[in-house]
């Protein structure tokens, strides 16, 4: 992979259309970026194409301003249109086809649940990073398969691409995942379920500090 992808490390913020409704999307995302988020995934499962395009364009601008990478969830065409990254779940289409569409330098991540074989396949098809989860009880995906620290240790030994951990992660539980080999800590509720943009920035800064050399 390129230098951009191999350097993926830090807080990975993921949007939630309910948490970030009523005008919170842009100010809360900007606060997360100010706080040090390195990747931002735009996750919106609605069919409102025009609104999704507008929001994604605005998020791309914010990410560019703060030196972060924008990742689009499950929409290769939108990612290609905006020239940004893509994240695919297991039901979201072919990673190899997305790689062919987006080219060799684009960041493409893959959901691998708690299964090393899924990650092996994703890496073979050109994934820039592999995401494992859920590690803890998750509001977003309560029925997702559970992953554990041993899985991270095994994945770190097996794969050369960055590893993302997701699923109910908090400031208290993130350090053990980073120590076990997670390059990226993906967070939704522990970051964005906040009363103000200032609180989002404070939380982002706290997560980002976990990646600083001690």
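No lab work stands behind these numbers, since they all come straight from the coordinates. Keep in mind that what you see is a predicted model, and the values were worked out from it rather than measured. Glycine gets a Cβ as well: all are built from the backbone with ideal geometry, and neighbour counts include every protein chain shown.
Candidate values (i) 8, 33, 37, 18, 3, 0; (ii) 8, 30, 33, 21, 7, 1, 0; (iii) 9, 37, 40, 13, 0 were compared with P(r) over Cα pairs in 10 Å bins from 0, in percent computed on the shown model; the agreeing label is (iii).
Distance from a point 7 Å along Cα→Cβ of residue 116 to each backbone N in region 149-188: keep the residues under 14 Å and list them by number. Within reach of a label on residue 116: 149-160.
Tell me the mean residue ellipticity at 222 nm calculated for the chain from its helices only (DSSP H runs of n ≥ 4, each -39500 (n - 2.57), averaged over every residue, nearest 500). Walk me through the numbers on the way to the answer.
On the way: 10 runs with 89 residues, N = 214.
My calculation for the chain gives -11500 deg cm²/dmol from helical runs alone.
Order the peptides 39-46, 52-59 from the highest to the lowest mean number of other Cβ atoms within 10 Å of their residues. Don't skip to the end; give the middle numbers.
Working: 39-46: 19.8, 52-59: 17.0.
Packing proxy ranking, top to bottom: 39-46, 52-59.
Full extension of the chain between residue 100 and residue 158 gives 18.4 nm of extra length, using 0.36 nm per residue less the Cα-Cα distance. Inter-part distance, region 40-65 to region 178-214, computed on C-alpha centroids, equals 21 Å.
Full extension from residue 48 to residue 77: what is 0.36 nm times the residue separation minus their Cα-Cα distance, to one decimal in nm?
Details: separation 29, 0.36 × 29 = 10.44 nm, distance 1.44 nm.
Computed gain between residue 48 and residue 77 is 9.0 nm.
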